[in-house]
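The values are calculated or read from the model by the stated rules, or taken from the named source; none is laboratory data. The structure presented is a predicted model; accordingly, all values stated were derived computationally and were not measured. Surface areas here come from the heavy atoms of the whole protein model, side chains and all, with no ligands, DNA or RNA. Shrake-Rupley method; radii C 1.70, N 1.55, O 1.52, S 1.80 Å.
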Amino acid sequence: MTGRSRTRLDRLRASLGIAQLALQQIEDDLSADDVDARELAAILRELQEDTDVPGGLFPALAQLVSTAARRAEHIEPDRDGDASCPLHETAALITDNAGMRLIWAARALHPQGGN
C-alpha cells in the first residue's frame, strides 16, 4: 500500500466516522417517544428522497457503490465482472429494493404523503 493509499484510507475512515455520527443522530431522533406516524413517514421519505438536496441517503449510497463498480470495471483482472457485477447489483438493490420499501413503509404510516 502506498502513502497515497494510506492517506486516502485515512480520509475515508474520517468521513465514515462523521457519517456514523450523523446517522446516530438520526437514530436518536427516530427513538424519541414523541415521533408519530406522520413524522416517521416524513423521515423515511427523507432517507429515500431528500427535498433539500437532490437524492437522499439511499440514492447517495447507491451512487457511491456505482462509482466503486465503475472503478472495479477498469481494474479487474481479465475484466470478467467478478467484482463490478456484484457492486452494480448492490447499487440496484439499494435503490430499487431498499429504497422502494422505505417508500412503501412511509405510505403505510401516512398515505397522504407530504410532511
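Give me the base-10 log of I(q)/I(0) for the range 4-115 at each q in 0.10, 0.20 Å⁻¹, Debye formula, one uniform scatterer per Cα, rounded to two decimals.
Results for the range 4-115 at q = 0.10, 0.20 Å⁻¹ read -0.40, -1.13.
Which value, in Å², gives the accessible area per residue of the range 60-115 when a 1.4 Å probe is used on the protein heavy atoms?
Details: 3810 Å² over 56 residues.
Heavy-atom SASA per residue in the range 60-115 reads 68 Å².
How high is the relative contact order of the range 46-113? Use alpha-carbon pairs under 8 Å, at least six apart in sequence, and give a whole percent.
On the way: 63 pairs, mean separation 20.2, N = 68.
It comes to 30 percent, rounded to a whole number.
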